[in-house]
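**Q** Here you go, one structure.
The values are calculated or read from the model by the stated rules, or taken from the named source; none is laboratory data. Here the structure is a predicted model, which is why all the values come from computation and not from measurement.
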Amino acid sequence: MGGYVPPPPPKERHPMPWILGGVAVLVVAAVVVLIVVLTSGTDTSSPKAVNDSVVEALNDKDIKALQGVLCNPDVVPQEINQGLALGKDMVDIKAQAKGDPAQNGDTATSTVGVQLTAMGQTVQANVHLTYRKNGDSWCVADMKANLG
């Protein structure tokens, strides 16, 4: 009878392209996560970057961010610790860098002007920062506040 030719059987689909595609998606996702993790956080690549982080942490009243750039958490002056301990709603902090840090080898120094206002009282201070290089990063090794 008529020249009916049945269609060829469907080609068997191999799962390999799906597996390779899934692996590629996982690799791209892992790279994106690594980039986000490694580039987020505080920049400690230079004394200026750490100085900027200190100013930002003080203005944001963010004690954890401030602690993140300290070589030793005990170096925060009592006046600043007390101001940060009062809570974000009870204290107003205005910090401003007074120039860029002066670097000398593996150490650097800078001054940050800080104004603390709490319960109607305002205190002005110059916070003198000493930085120390620790491997490839910098941290605040010492903070001294001079009221004025």
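**Q** Does the stretch 102-117 contain any residue that is more than 21 Å from Asp60 (Cα to Cα), hydroxyl-bearing (Ser, Thr, Tyr) and assigned to a strand (DSSP E or B)?
**A** Yes; the residues of the stretch 102-117 include at least one that is more than 21 Å from Asp60 (Cα to Cα), hydroxyl-bearing (Ser, Thr, Tyr) and assigned to a strand (DSSP E or B).
Condition check ((1) modelled with pLDDT of 60 or more; (2) in a helix (DSSP H, G or I)) across all residues:
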{"position": "Gly2", "(1), (2)": "yes, no"}
{"position": "Gly21", "(1), (2)": "no, yes"}
{"position": "Val28", "(1), (2)": "no, yes"}
{"position": "Asp52", "(1), (2)": "yes, yes"}
{"position": "Gln82", "(1), (2)": "yes, yes"}
